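Notes to accompany the following structure.
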Amino acid sequence: MSRFSGALQLTDLDDFITPSQECIKPVTVDKTATSKTGAKITVQEDGYYEESESGKQKLQKVEITLQDCLACSGCITSAESVLITQQSEEELLKVLRENAKVKATGDMEQVRTIVFTIATQPLLSLAHRYQLSVEETARHLAGYFRSLGVDYVLCTKVADDLALLECQQEFVERYRDNEELTMLSSSCPGWVCYAEKTHGNFILPYIATTRSPQQIMGVLVKQFLAEKLNIPGSRIYHVTVMPCYDKKLEASRMDFYSEVNESRDVDCVITSGQRIVEVEQMLNEDERSLSEHEASDLDWPWSEQRPESMIWSHEATLSGGYAEHIFKFAAKELFNEAPPTELSFKQLRNRDFREISLEKDDKTVLKFAIANGFRNIQNLVQKLKRGKGASYHFVEVMACPSGCINGGAQVRPTTGQHVRELTQQLEELYKKLPRSQPDNAHTKLIYRDFLDGSHTDKSNELLHTCYHAVEKLSTALNIKW
């Protein structure tokens, strides 16, 4: 028997959602058309049928859209639904058209500076889709966005680096305060949303306060870049291209609304995928392949010296490298141990639950894990509730199986290819990227010139956030985990 509410079921239940699977909700049945003796429901190959005295009628099913369900987080509230309507291809194109009209009038005081930030995972997805290298994909995509009227096209590298540096420091500080406390990563908004709505005040103290790279990038664009351009942050329209629908909801949080700038750090989030077509739909409507658009370099406004490459990998976990990077840093910082460059995680009950530990003087002093997908998340939460979570000092938690590279908004296979096979191919592309060292000269410049140095009140305010237990009303679409 399914452990899920009868109101919402996934056929062929698995953390991997393939093109053949559907998320459906029930349809209101017109009881007046049913005979007094009732009706019989039969299941046939092409669907469900209601048989009554008046004949046999195929029952309708309704696909759940983004308005009904946001990725894996459960049901969204009506307020959240209103917010994410602002996170769409239509809204973006509307802003671009209005900005072009203002430019045509010559009223430069009212013109908005349009800034795009592209995450690495969508680039991998689009590179595979259009059979290009990742660097070529980035350059052609930048050229395409500029043809739409975009002023700056950036990558997330600086924000990725800052997120890792802040999170590693946060872990070390927590460990020194309490060696038994488990810290859970916070970069996945699907996981954070689920935690706030389902487990509330119990789970929130375990979650790192470090902002996700998307929201750190929002601060850099609306404040640091705004200062360099000598314009108010409210006149910058910041768009991110992400592998995850939940990033739309994350950008809409009031925690990331700046009263000073009177705007959100991220104004609009679009995705690369086909199920809710955005970037790919925009390219299809243009009736040209991505490679046909003029290539253009990504911008690097943070310093005069550009890095050798614009697209980088962060360790090997495909989701930012939190577990690996923090494990290496903590081993050196806390125990003066230098682990190997490539860490070897032990696979446990499935390929999406892995762990690694550091032994010193016959004692386990560090034990980290990676938990991807909701079945592993549920097991992890239950262990914490039973008081067994302290067996892990840090867990990298991602809502999607295989992590961000298999984000819910990534381009899906167009043939009978299983999503696991596609994920493995994207992983091979990722491994070819140059490896970033977060503590680099560019990141240090950000700390010095913008954040008044690392671990200051300003850096804590701009690079960290807080969470809130959400009282979730019972609805017809409520999922009970």
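The values are calculated or read from the model by the stated rules, or taken from the named source; none is laboratory data. No experiment lies behind these values; they were computed from the predicted model shown. Cβ placement follows ideal geometry from the backbone for every residue including glycine, while neighbour counts extend to all protein chains displayed. Side chains are part of the model used for accessible areas, which takes the heavy atoms of the whole protein and leaves out ligands, DNA and RNA. Shrake-Rupley method; radii C 1.70, N 1.55, O 1.52, S 1.80 Å.
Of all residues in segment 254-266, how many are of a type outside the set (A, V, I, L, M, F, W, C), surrounded by fewer than 24 Cβ atoms within 10 Å (Cβ to Cβ) and touching a residue at least 24 places away in the same chain (Cβ under 8 Å)? Residues in segment 254-266 being of a type outside the set (A, V, I, L, M, F, W, C), surrounded by fewer than 24 Cβ atoms within 10 Å (Cβ to Cβ) and touching a residue at least 24 places away in the same chain (Cβ under 8 Å): 6 in total. Residues that are surrounded by fewer than 21 Cβ atoms within 10 Å (Cβ to Cβ) and either assigned to a helix (DSSP H, G or I) or touching a residue at least 40 places away in the same chain (Cβ under 8 Å) (or both) within segment 217-236 comprise GLN223, PHE224, ALA226, GLU227, LYS228, LEU229, ILE231, SER234, ARG235, listed in sequence order.
Applying a threshold of 6 Å to beta carbon distances and a minimum spacing of six or more residues, or different chains, the list of pairs starting in segment 128-152 at a residue that is free of Cβ contacts under 8 Å to residues at least 60 places away in the same chain and small (Gly, Ala, Ser) and ending at one that is part of a helix (DSSP H, G or I) and open to solvent by 50 Å² or more (accessible area, probe 1.4 Å) reads GLY149/ALA100. Scanning segment 117-133 for residues that are open to solvent by less than 10 Å² (accessible area, probe 1.4 Å) and over 25 Å from SER459 (Cβ atoms) yields a total of 6. Scanning segment 135-191 for residues that are in contact with a Gly (Cβ under 8 Å, 6 or more places away or on another chain) and open to solvent by 10 Å² or more (accessible area, probe 1.4 Å) turns up ASP160, SER187.
Total residues in segment 153-193 satisfying the condition of being closer than 15 Å to THR240 by Cα, among the aliphatic types (A, V, I, L, M) and part of a helix (DSSP H, G or I): the figure is 2. If you take the residues of segment 385-405 that are modelled with pLDDT under 90 and part of a helix (DSSP H, G or I), which of them is surrounded by the most Cβ atoms within 10 Å (Cβ to Cβ)? It comes out as GLY389.
Of all residues in segment 255-278, none satisfies being of a type in the set (S, T, N, Q), on the phi > 0 side of the Ramachandran plot and assigned to a loop (DSSP other than H, G, I, E, B).
In the set (1) aliphatic (A, V, I, L, M); (2) open to solvent by less than 10 Å² (accessible area, probe 1.4 Å); (3) over 16 Å from the mean Cα position of the chain (by Cα), ALA195 fails one condition alone, (3).
Considering (1) open to solvent by 30 Å² or more (accessible area, probe 1.4 Å); (2) farther than 20 Å from ARG435 by Cβ, the lone condition that TRP312 does not fulfil carries the number (2). Could you list, in sequence order, the residues of segment 352-362 that are assigned to a strand (DSSP E or B) and open to solvent by 60 Å² or more (accessible area, probe 1.4 Å)? Across segment 352-362, the qualifying residues are ARG354, GLU359, LYS360.
Residue-level check: of (1) under 15 Å from LEU348 (Cα atoms); (2) in contact with a strand residue (DSSP E or B) (Cβ under 7 Å, 6 or more places away or on another chain); (3) at pLDDT below 90, ALA409 misses just (1).
Of all residues in segment 451-462, none that is open to solvent by 60 Å² or more (accessible area, probe 1.4 Å) has its Cβ atom under 7 Å from the Cβ atom of a residue that is of a type in the set (Val, Ile, Thr) and not in a helix (DSSP H, G or I), 6 or more apart or on another chain. LEU477 satisfies every condition listed in (1) open to solvent by 50 Å² or more (accessible area, probe 1.4 Å); (2) touching a strand residue (DSSP E or B) at 6+ places or on another chain (Cβ under 8 Å); (3) at pLDDT below 90 except (1).
For GLU285, state whether it is over 23 Å from ASP151 (Cβ atoms), among the charged types (D, E, K, R) and either free of Cβ contacts under 8 Å to residues at least 40 places away in the same chain or open to solvent by less than 20 Å² (accessible area, probe 1.4 Å) (or both).
On the way: over 23 Å from ASP151 (Cβ atoms): no; among the charged types (D, E, K, R): yes; either free of Cβ contacts under 8 Å to residues at least 40 places away in the same chain or open to solvent by less than 20 Å² (accessible area, probe 1.4 Å) (or both): yes.
Answer is no for this residue.
Let's see how each residue does on (1) open to solvent by 60 Å² or more (accessible area, probe 1.4 Å); (2) of a type in the set (A, V, I, L, M); (3) at pLDDT below 90; (4) in a helix (DSSP H, G or I):
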{"position": "ALA331", "(1), (2), (3), (4)": "no, yes, no, yes"}
{"position": "ARG349", "(1), (2), (3), (4)": "yes, no, yes, no"}
{"position": "THR364", "(1), (2), (3), (4)": "yes, no, no, no"}
{"position": "ASN376", "(1), (2), (3), (4)": "no, no, no, yes"}
{"position": "VAL381", "(1), (2), (3), (4)": "no, yes, no, yes"}
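Hey, among the residues in segment 427-450 that are of a type in the set (D, E, K, R) and out of contact with any strand residue (DSSP E or B) (no Cβ under 6 Å at 6 or more places or on another chain), which one's least open to solvent (accessible area, probe 1.4 Å)? The residue in question is GLU427.
If I filter segment 202-209 for residues that are modelled with pLDDT under 90, β-branched (Val, Ile, Thr) and in contact with a Leu (Cβ under 8 Å, 6 or more places away or on another chain), do I get at least one hit? Checking segment 202-209: not a single residue is modelled with pLDDT under 90, β-branched (Val, Ile, Thr) and in contact with a Leu (Cβ under 8 Å, 6 or more places away or on another chain). Of all the residues in segment 90-111, those that are among the acidic types (Asp, Glu), under 30 Å from the mean Cα position of the chain (by Cα) and either surrounded by 14 or more Cβ atoms within 10 Å (Cβ to Cβ) or outside any helix (DSSP H, G or I) (or both) number 1.
Out of all the residues in segment 201-208, is one or more assigned to a helix (DSSP H, G or I), crowded, with 23+ Cβ neighbours inside 10 Å and touching a strand residue (DSSP E or B) at 6+ places or on another chain (Cβ under 8 Å)? Scanning segment 201-208, I find no residue that is assigned to a helix (DSSP H, G or I), crowded, with 23+ Cβ neighbours inside 10 Å and touching a strand residue (DSSP E or B) at 6+ places or on another chain (Cβ under 8 Å), so the answer is no. Restrict the check to segment 412-419 and report whether at least one residue is in contact (Cβ under 8 Å) with a residue 40 or more places away in the chain and not in a loop (DSSP other than H, G, I, E, B). Yes, there is a match, as at least one residue in segment 412-419 is in contact (Cβ under 8 Å) with a residue 40 or more places away in the chain and not in a loop (DSSP other than H, G, I, E, B). Tell me, please, whether a residue that is closer than 30 Å to GLU227 by Cα, in a loop (DSSP other than H, G, I, E, B) and in contact with a helix residue (DSSP H, G or I) (Cβ under 9 Å, 6 or more places away or on another chain) can be found in segment 424-437. Checked segment 424-437: at least one residue is closer than 30 Å to GLU227 by Cα, in a loop (DSSP other than H, G, I, E, B) and in contact with a helix residue (DSSP H, G or I) (Cβ under 9 Å, 6 or more places away or on another chain).
Tell me yes or no: at least one residue of segment 171-188 is among the aliphatic types (A, V, I, L, M) and at pLDDT below 95. Please lay out each step first, then the result.
Let us first name the residues in segment 171-188 that are among the aliphatic types (A, V, I, L, M), namely 172, 181, 183-184.
Checking the rest, the ones that are also at pLDDT below 95 come to 181.
Looking for residues that are among the aliphatic types (A, V, I, L, M) and at pLDDT below 95, one finds at least one in segment 171-188, hence yes.
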